[in-house]
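Contents: one structure, followed by commentary.
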Amino acid sequence: MPSQTIDSTPDATSDAGGSRQGASVSEINLGVVKDLRILNEDGQVNADLEPNIADDELLRLYRGMVLTRKLDVRMLNMQRQGQMGTFAPGLGQEATQIGQVYPLTSKDWFSPSYRSFGAQMWRGWPIDQLMLLWDGYFEGFAPPADVNDMPFSIVIGSHVPVAVGIAMGMNYQQDKNVVMVNFGDGALSEGAVAEALNFAAVYKAPVVFICENNGYAISTPIEKQSGVDHLVRRGPGFGVPSVRVDGNDILAMVSACSVACEQARRGEGPTFIEAVTYRMSVHTTADDPKVYRDDAEQTAWEQKDPIRRFELYLKSRGVLTDDDITRIGDECEQEVLAGRESFRERSTANPHEIFAYMFESMPPELREQQAEYFERLARKGLSEPNQ
Amino acid sequence: MPSQTIDSTPDATSDAGGSRQGASVSEINLGVVKDLRILNEDGQVNADLEPNIADDELLRLYRGMVLTRKLDVRMLNMQRQGQMGTFAPGLGQEATQIGQVYPLTSKDWFSPSYRSFGAQMWRGWPIDQLMLLWDGYFEGFAPPADVNDMPFSIVIGSHVPVAVGIAMGMNYQQDKNVVMVNFGDGALSEGAVAEALNFAAVYKAPVVFICENNGYAISTPIEKQSGVDHLVRRGPGFGVPSVRVDGNDILAMVSACSVACEQARRGEGPTFIEAVTYRMSVHTTADDPKVYRDDAEQTAWEQKDPIRRFELYLKSRGVLTDDDITRIGDECEQEVLAGRESFRERSTANPHEIFAYMFESMPPELREQQAEYFERLARKGLSEPNQ
Amino acid sequence: MPQLTMVEALNLALYQSMDADDRVCVMGQDVAINGGVFRVTKGLLDKYGERRVFDTPLAECGIIGTAVGMSVYGVRPVAEIQFSGFAMQAFDQIEQNVARLRNRSRNKYPVSMVIRTPYGGGIRAVEHHSESREAYWAHTPGLKVVIPSGPRNARALLQAAIDDPDPVIFYEPKSVYRAFREDVPDESERMEIGKAQVVRPGDDITMIAYGAMMRPLLEAVDDLVDMHDVNPEVIDLLSIAPMDTESLVESVRKTGRCVIVHEGPKTCGIAAEIIARLNEHAFEHLIAPIRRVTGFDVHFPYFQVEQHYLPDGDSIIEAVNATMAFD
Amino acid sequence: MPQLTMVEALNLALYQSMDADDRVCVMGQDVAINGGVFRVTKGLLDKYGERRVFDTPLAECGIIGTAVGMSVYGVRPVAEIQFSGFAMQAFDQIEQNVARLRNRSRNKYPVSMVIRTPYGGGIRAVEHHSESREAYWAHTPGLKVVIPSGPRNARALLQAAIDDPDPVIFYEPKSVYRAFREDVPDESERMEIGKAQVVRPGDDITMIAYGAMMRPLLEAVDDLVDMHDVNPEVIDLLSIAPMDTESLVESVRKTGRCVIVHEGPKTCGIAAEIIARLNEHAFEHLIAPIRRVTGFDVHFPYFQVEQHYLPDGDSIIEAVNATMAFD
Ligand SMILES: Cc1ncc(C[n+]2csc(CCOP(=O)(O)OP(=O)(O)O)c2C)c(N)n1
Ligand SMILES: Cc1ncc(C[n+]2csc(CCOP(=O)(O)OP(=O)(O)O)c2C)c(N)n1
Ligand SMILES: [Mg+2]
Ligand SMILES: [Mg+2]
């Protein structure tokens, strides 16, 4: 970005002073926020804004987006064939997803909402585990040992104060790490998210809020969700430096999120990022968008496809050929299929596990209930695993 | 006010358009909010801003503020003598209190927080009832038959969504009334208030939010409460037109609140008003400010006393003489004492009432509990009133 | 009489109550154009328009709080919480305003509103979508809590709840939504809130359940009658608060034995309260300890194993036989 | 040994646990410079500084949510909710994150934190400041709920709660805060969470209470012994969840009679759960119905009449005599 900072709230004293002397109607300037796009829909780059990213890194980003889409399509397909539970596709949000986690180190934390398997894969969640998760197995929720991520949140907004708390913990321990937390346009209406924004501002917590504005909360369009034209206005209202980003532009996402992370590491506190994108698919496999939006709108957004756009850029930059596109596509497809294989091998439910991990040590009243439950299972011929 | 409108969010299209074409970093202007003061601390008026209020109305406002202070002093005094329960004084907030309810008609609604007995008296709550309320009698909470007010809220922020709902009810019934709701600087941190602001904006509810910024939430100063220099910034973040007002300036309060009410009646929706004032006294009679703030700060604010300031203005305008000041003071004092008399007559607790008004008709399980309870009272020699 | 599913019956109830009273409105997440994620509010927007049927922002505390305000102003909101687990986001509003406003305004502002919400497990839903925490509301003074078990009583109870001058938490057993059809008369019906129903008279043991648990219970009853030669009296609670203590006591005084089934956690659940009341009012008649077949004090499990967690016919039969064997 | 009030004892516990472990921090509304509205956190800011003792914005959901996050990052927050009635504002965080995170992260992120909050009536407080809704938390899987009754067990239980690897809701009986002094040893003490205490052995009847209700109960005991020649066994529950069922059962198997006292609403309260467990584990030994002396299913009354609402010695004696008379 031209100026390497995200800030929106002009210095207080300037106007506060004015209004406090004599009788007057002075004005308080609410400031401005940037609205960032680097790649346009035809893949043309704005040279002044183009971030300096090495070719192999650009390809890594591209691969991450392609892998995300391949998994998306596959899981939808599996669900339609009854091989997968209710699932929330992220079709069209690949740049938003990969762009937000790109700047994170393994010491940083990531707290996603449920529509985030792309970012989760990037962070190190194995494909088979994400499949287990969506197909209703306990194991799915367990963050891999070496990954500083929270299990994704299904309760809209409830993870956001917790993410701010992790960032407050970093300040407490004087670590220079960052928390990245994402949520949707609908989630921004939850009081918990408002309280989280305020806490982050008050404690200068090193947290980056990614509001993935994909146009809808299930059937509810953004116009019915909020009284502002641009959700980015919410951040400055809490004193959180904010920026609006074209969420289908991977370069814009990467540079905005990188700046936000650097600011956080420098102790400058939180950033709020509105990533403007579109949910190209169903809300979940239980949803039918035809009921509430027309195809025309969807088709219009196909022109803004984040992967297509990035491909055009990479090709014009000479980093990517049509053969590469095919090869990478196949590699990703194979990776997904391999994941599905191991998912199928691992997918055996263990009903004896439902009493596990309630407390560090199980209190007597729970032991009693567990015994009763195990008897019930035994009557069904389900014997206790030797544990 | 110079322009008779309160608005802060500039038209969307202007900038939204810009940012959507090509690759660019455009800016979204967050707009400006007005910071209004009409009477300065020496009672000098800004002629351009001076609202056109008839002399007798000015005196009515003055009397309301004096009565508020007299009651305040008296109740504090009663509490110190053990004649009153824990009580939350409003010393120094008289202009904020009276200014916000002045524009309301009897058809309009008022939903106050607990530090609002001044506004409540103006709205028609008898003094003896307010004393009953603070001294722990049921009757205190009952809104007088002809008064469209909610009982004051002690749970910070929880009344604000309800107030917005009343305004939504007005839209539903196609009535052109207004809801005025007040809360403190601390309350603004509650998620419930954020959700209420958003609902008001989305449904263009005819509600006016008065945030009485008196500098503290108990011991917590505004700096620790929020990340913004001015709380007024919160409103535009939700798309609610907002204005900051000197809450110790009755003329500014009256004109800002009047404009907000007119806008609401015209169907233009909600307004958020930050009224900047100061809590000159204890948080409640259980609180000791010496623990968390020094007298110097308090003394500084004495210079900004809303009543003193208004007196200077009224005298310079030739509406008020020193004799008037004494006379009005005495009248108000007498009114308060009369209220105390009737409070003393009415203050007999009725323990049999605790089962009343739980439901329209009492279910059997409650009848059974009530019978048991009445027996308990009977054993104490408290016989059932013939009802 | 048309054969309707519970979803269709609830939908019919809303049509009929909205037809009868312009004050009745429907609000919540995705209730308007989408007709609700379970389609309970389907078609209402087309018929009654945006004034009376509207989507809300994604904020439960805001939904319930504004619904309270509308009811204060004379509207009668039927507010939907998309899944009962998310009512926790509105707990403050429910406890502090919905349940209290009549009382704290000394009867000036009664809160006549309904909070509709699907509860319970059994539909392979994702995490946090299968809770049954009706006991929270039963423990909260000032609320009525109603849980239908089939299409016909669902329609009649929802209409009664909408008419009720006090707030009603209306829990809808989502596993029953489309599970079976039932004759539902065309004309409006009302069932009295606060009354339980003896759905099968018997002498040996009293079996009590409500909502989704009526189905495994009735399965168990068939087996018990056919194969174990037990003659149970079956009571569908229908109204959790107020509770029809009298009917329960009467039955247990006759049978001397009792098994209670619910899906929610065991500790401080509805069964505990029923046991306490039976202990108070039928002590001398009790022949055996009253048994609870309930959810466990654990989080509702992910869906691959939910069927094991939920009380089923087998576990109910087991409990009844143990209770019958006791003396 | 110094004679301390409960406020002083809790304050001492915080000093000692903060001294022992740099990870322990204190957060909440007005806990820092003000030392808490009841002065439980007095002086901590001076000694441990703003990093470890800090005021929060006025937002309970934010307080609890951020405390969970801090605990995930290895801090051990002792978060204060200024009055227990306002925990409703954080109900979502408590139920969805505090209680569940260990489980839903499959043991990776245990939540070791304490939620301290004053509960109950008896201090002439304003509306909404006198609730006792411990049953909400007891009904919520994944939480521990502890309620001390005096200065010494308050200090020992708070230190145990802070050490506990799982989340503990710590209800402080505010009417006991300054009601009396007790010897509290200088050196740290711990009491095991989950264990009840037999504070008076006896044979005739088991009397169970906890927190603020131990005082009227013990008053009643004196009268019962002196004037009614009853020899009660008295149990202080101390830990509501997990509950020491074994001790309760053992006592009632001996006495055959039982009265349970609590302040919170009757329906689905703690007493109901105790009755259910005694019914399951001591049925054959019960001579009389177990009686509940509890708050009623109404809103806590305004303070002029609160003393009539609260269980008192007289109502407890009445219940014990009625229970003794039964046969
Ligand atoms: C607290 C809460 N309320 C309601 C729901 C039901 N629900 C699941 S997803 C969703 C819409 C979320 O929209 P948004 O935040 O924009 O995220 P998106 O699905 O578009 O990614 C709703 C209402 C929920 N999961 N949690
Ligand atoms: C939900 C809730 N949390 C906490 C409290 C305790 N409390 C009472 S007043 C107060 C401070 C309120 O400050 P503010 O909103 O600025 O209003 P003021 O007292 O300054 O008028 C607090 C924390 C409460 N009453 N309700
Ligand atoms: Mg969305
Ligand atoms: Mg304040």
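So the values come out like this:
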read-out	value
Every residue from segment A:29-46 that is closer than 26 Å to B:V243 by Cβ, out of contact with any Lys or Arg (no Cβ under 7 Å at 6 or more places or on another chain) and either of a type in the set (D, E, K, R) or crowded, with 18+ Cβ neighbours inside 10 Å (or both)	A:G31
Selection within segment B:290-318 - among the hydrophobic types (A, V, I, L, M, F, W, C) and free of Cβ contacts under 8 Å to residues at least 12 places away in the same chain	B:A296, B:A300
Identity of the residue in segment B:350-387, hydroxyl-bearing (S, T, Y), within 14 Å of chain C (Cβ to nearest Cβ) and farther than 21 Å from C:E280 by Cβ, that ends up surrounded by the most Cβ atoms within 10 Å (Cβ to Cβ)	B:Y357
Residue count for segment C:37-56, restricted to those that are facing chain B (nearest Cβ under 9 Å) and crowded, with 24+ Cβ neighbours inside 10 Å	1
Qualifying positions in segment D:173-226 - among the polar types (S, T, N, Q) and either in contact with an Asp or Glu (Cβ under 6 Å, 6 or more places away or on another chain) or under 25 Å from D:P289 (Cβ atoms) (or both)	D:Q197, D:T206
Subset of segment B:194-229 [closer than 25 Å to B:W301 by Cβ and either within 12 Å of chain A (Cβ to nearest Cβ) or within 16 Å of ligand 3 (Cβ to nearest atom) (or both)]	B:T220, B:P221, B:I222, B:E223, B:K224, B:Q225, B:S226, B:G227, B:V228, B:D229
Flag if A:G64 is outside any helix (DSSP H, G or I), free of Cβ contacts under 8 Å to residues at least 60 places away in the same chain and crowded, with 19+ Cβ neighbours inside 10 Å	no
Condition met for D:L44 (under 21 Å from D:V184 (Cβ atoms) and out of contact with any Gly (no Cβ under 9 Å at 6 or more places or on another chain))	no
Filtered residue count, segment D:20-34, keeping only those that are over 21 Å from the mean Cα position of the chain (by Cα), within 20 Å of B:V291 (Cβ to Cβ) and small (G, A, S)	1
Lone unmet requirement of (1) under 24 Å from the mean Cα position of the chain (by Cα); (2) without any contact (Cβ under 8 Å) to a residue 40 or more places away in the chain for D:S17	(2)
Residue among B:A217, B:A163, B:A205 that is surrounded by 24 or more Cβ atoms within 10 Å (Cβ to Cβ) and touching an Asp or Glu at 6+ places or on another chain (Cβ under 9 Å)	B:A217
Which listed residue is touching a helix residue (DSSP H, G or I) at 6+ places or on another chain (Cβ under 7 Å), surrounded by fewer than 24 Cβ atoms within 10 Å (Cβ to Cβ) and more than 14 Å from chain B (Cβ to nearest Cβ), from C:S17, C:S112	C:S17
Subset of segment D:282-295 [surrounded by fewer than 22 Cβ atoms within 10 Å (Cβ to Cβ) and either at the interface with another protein chain (Cβ under 8 Å from one of its Cβ atoms) or touching a strand residue (DSSP E or B) at 6+ places or on another chain (Cβ under 9 Å) (or both)]	D:F283, D:L286, D:A288, D:P289
Some residue of segment A:143-158 being of a type in the set (S, T, N, Q) and more than 7 Å from chain D (Cβ to nearest Cβ)	yes
Segment C:62-104, subset within 7 Å of chain B (Cβ to nearest Cβ) and among the charged types (D, E, K, R), residue farthest from B:I156 (Cα to Cα)	C:R102
Output for segment A:260-279, where each listed residue is surrounded by fewer than 24 Cβ atoms within 10 Å (Cβ to Cβ) and more than 10 Å from chain B (Cβ to nearest Cβ)	A:C261, A:E262, A:Q263, A:R265, A:R266, A:G267, A:E268, A:Y278
Close pairs (6 angstrom Cβ cut-off, 6 or more residues apart or separate chains): closer than 17 Å to C:F54 by Cβ in segment B:191-219, within 16 Å of ligand 4 (Cβ to nearest atom) and among the β-branched types (V, I, T) anywhere	B:A196/B:V160
Enumeration of residues in segment B:220-242 that are more than 21 Å from B:K304 (Cα to Cα), touching a helix residue (DSSP H, G or I) at 6+ places or on another chain (Cβ under 9 Å), within 16 Å of ligand 4 (Cβ to nearest atom) and touching a residue at least 24 places away in the same chain (Cβ under 8 Å)	B:Q225, B:S226, B:R234
Test for B:S153: is it over 30 Å from B:L30 (Cα atoms), surrounded by 23 or more Cβ atoms within 10 Å (Cβ to Cβ), in contact (Cβ under 8 Å) with a residue 40 or more places away in the chain and within 15 Å of ligand 4 (Cβ to nearest atom)	yes
In segment B:320-349, residue nearest to the other protein chains (Cβ to nearest Cβ) [restricted to those that are buried (at least 16 other Cβ atoms within 10 Å of the Cβ) and assigned to a loop (DSSP other than H, G, I, E, B)]	B:A349
Candidate set: segment A:179-193, residues that are within 16 Å of ligand 3 (Cβ to nearest atom) and of a type in the set (G, A, S); chosen: the one farthest from the chain's Cα centre (by Cα)	A:S189
Count of segment A:181-206 residues which are of a type in the set (A, V, I, L, M, F, W, C) and within 16 Å of ligand 1 (Cβ to nearest atom)	9
Selected residue (only one of D:F326, D:F303 is more than 25 Å from the chain's Cα centre (by Cα) and at negative phi)	D:F326
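All of the numbers you see were taken from the coordinates with simple rules; none came from a lab. On a predicted model such as this, the values are computed, not experimentally measured, just so you know. Here Cβ is always computed from backbone atoms with ideal geometry, including for glycine, and neighbour counts include all displayed protein chains.
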